[in-house]
Amino acid sequence: MDISQGKVFSSLLLFLLFIVDLGEGHNRCPQLRCREDGPAIRFPFRLKDRQPDQYCGYPGFDLYCNDKNDTVLELPTSVKAFVKHIDYKSQLIIVTDSDNCFPRKIQGINLSSPPFQFYDRKVDYYLSDYGLFNCTPETDTDSSDLIPCLSSSRHPVYAFSSFAYVERVPILSCTKMYSVSSVPSDIWNSPFLELTWSEPAKCGRCERKGKKCRFQNNSTDFNIECFNPEKNKVSFLGLFLLALAVYAFYHVYHYDKTEKENQARIEKFLEDYKALKPTRYSYADVKRITNQLAEKLGQGAYGTVFKGKLSSEIYVAVKILNIFKGDGEEFINEVGTMGTIHHVNVVRLVGFCADGCRRALVYEFLPNDSLDKFISSADSNSFLGWEKLQDIALGIAKGIEYLHQGCDQQILHFDIKPHNILLDQNFNPKISDFGLAKLCAKDQSAVSMTAARGTIGYIAPEVFSRNFGKVSYKSDIYSFGILLLEMVGGRKNVDENVETTNQIYFPEWIYNILEQKEDLRVYFEDSGDAKIAKKLAIVGLWCIQWHPIDRPSMKVVVQMLEGKGDKLTMPPNPFASTNTTRVDASMPARRLNQELEVIPELD
């Protein structure tokens, strides 16, 4: 979630809280609890630490939560009591002391004034005065007068009512400690203390009628009114639907705004690009060219490719870009890069469509599909032969060399792989799919990247980690090296269907064979084929050196491929410290597992 989305969600939350407030009859003070099993706290009580609004409670009815989430009532002279229950109908609150001994603190409690008074359930609000006496163990008196929490075995403490008969008080064996006035009779032996309140009296009547009370119209003059919280209550479903509607509205608005910004950026680019003259088509033209998108050729991460026809003799491939993917960068990359390229080994961009949010790219149609259909197929009839594979490898190398040195700007493809090498009617290779390409000056030795781009298995090590070196045109050379080794072995570099404990890292397998000076001819019927395969393998191994500085430029790669291969030397072993686990290396390359899943592209 970006910052703008966070602001929208915050606004939405505040709006929903406002709606809930309306649904509670303008009650800005919701019912709270210190903890889940604690007493419900609502008007006339107020939680000081969680309801800063002083008008959420009646004066003198402040509660707070301690560090253990106990609900605490502070009585006069700073005596703290834990609240166990609040009966709003009877206006009764039950509290307990932290050490279960209210008699120890009773001398400091003065409840002669509002809001709270003692309540004696046994004698119907009758309160008494008491004298507390410290006696000897031999004192002969009624044990019901004993105060256990104040007594010890040597000094029992008794409470005698002022109404007790004089003969009941053992004056000779006891010493008076102090007197207390107007306390309930059960305070001496109960861990709980019941208090009642009288103000605001109207709240009790509200509760007994099944209603709640509050300050009238949120006033500040302490006028109380009853209200029915159910009357204007907004249902949770209604709130959810409202939130959903607001979010949907925002999403549509945000998408529309973003899409308009993307369209404006693309239109500005196309205005500057007009002189290069690839044809611009409307979306209606695209549908006409493809016969209403009738024949699908394939699908990738950024769009779907359909076969089209400009005339009875000219066929095209039309890539309809996914409107929900990316921000238009892929479109600008393709048009800006391919529209300026004119090379026999690079696919030609015929035209494009930028019609509102609909975008499409129109390429020349290449009838023989992609190279990966011919180097990783179990069908032996699809094998093109080693001479043709050598021609294809050389053509791809010349195309990449043109991208790196033959254009006004250096073009780094970043997604060289068999799937992006298309073949014409004569099986001449053409590099396609420039959606991940980057343009930079020819003398620029490195490019900045915020995230890895490319396809797993073909991405150079430095694209993942700068510990291997800087990202540059050498990253394309690494990908080309993997492609060459796949052409030699007739298999992909990574087989995700095979357990790693049973799989050899394929480039290392080839390196081990060549390093041991084992003749590749044992795997080929024709020695000329073995010679070509060895040349492609050595060039591929040079290209996949871990550090970019150890890889040759594409100009040198072209020279190596054009030569006979007799003078090629083995590169340093890039696998010496990789500790890779491998399979039976005696298996010939083109007989290794041929049916593999297409490696997924990174976003």
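The values are calculated or read from the model by the stated rules, or taken from the named source; none is laboratory data. This is a predicted model, so every value here is computed, not measured. Backbone-built Cβ (ideal geometry, glycine too); neighbour counts: all protein chains shown.
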- Note on the structure: The one condition ILE289 fails out of (1) within 14 Å of CYS357 (Cα to Cα); (2) of a type in the set (A, V, I, L, M); (3) modelled with pLDDT of 80 or more is (1)
- Item | the stretch 413-426: number of residues that are surrounded by 24 or more Cβ atoms within 10 Å (Cβ to Cβ) and over 11 Å from LEU483 (Cβ atoms) | 2
- Query: Here are some conditions: (1) among the basic types (Lys, Arg); (2) surrounded by fewer than 19 Cβ atoms within 10 Å (Cβ to Cβ); (3) over 30 Å from the mean Cα position of the chain (by Cα). ARG466 meets all but one. Which one does it not meet?
  - Reply: (3)
- Note on the structure: Those residues of the stretch 132-177 which are modelled with pLDDT of 80 or more, hydroxyl-bearing (Ser, Thr, Tyr), over 20 Å from ASN100 (Cα atoms) and out of contact with any strand residue (DSSP E or B) (no Cβ under 6 Å at 6 or more places or on another chain) amount to THR136
- Mind telling me which of the residues VAL522, VAL498 ends up being modelled with pLDDT under 60, under 47 Å from the mean Cα position of the chain (by Cα) and of a type outside the set (S, T, N, Q)? VAL498
- Query: more than 15 Å from PRO461 (Cβ to Cβ) and modelled with pLDDT of 95 or more, is that true of VAL557?
  - Reply: yes
- Task: Having 1 or more residues that are crowded, with 19+ Cβ neighbours inside 10 Å and under 60 Å from the mean Cα position of the chain (by Cα) is the bar; report the strands (runs of 3 or more DSSP E) wholly within the stretch 143-214 that clear it.
- Result: 192-197
- Go through (1) over 30 Å from GLU261 (Cα atoms); (2) not in a helix (DSSP H, G or I) and name the single condition ASP391 misses. (2)
- The number of residues in the stretch 292-309 that are modelled with pLDDT of 85 or more and part of a loop (DSSP other than H, G, I, E, B) is 4
- Here is a list of conditions, (1) of a type in the set (Phe, Trp, Tyr); (2) closer than 30 Å to CYS206 by Cα; (3) at pLDDT 75 or above, and PHE222 meets all of them except one; can you say which number that is? (3)
- Item | Selected residue (only one of ILE538, ILE532, ILE544 is of a type outside the set (Lys, Arg), surrounded by 18 or more Cβ atoms within 10 Å (Cβ to Cβ) and over 48 Å from the mean Cα position of the chain (by Cα)) | ILE532
- Message: Quick check on the stretch 436-443. Is at least one of its residues among the aliphatic types (A, V, I, L, M), in contact (Cβ under 8 Å) with a residue 12 or more places away in the chain, surrounded by fewer than 19 Cβ atoms within 10 Å (Cβ to Cβ) and farther than 22 Å from SER472 by Cβ?
- Response: no
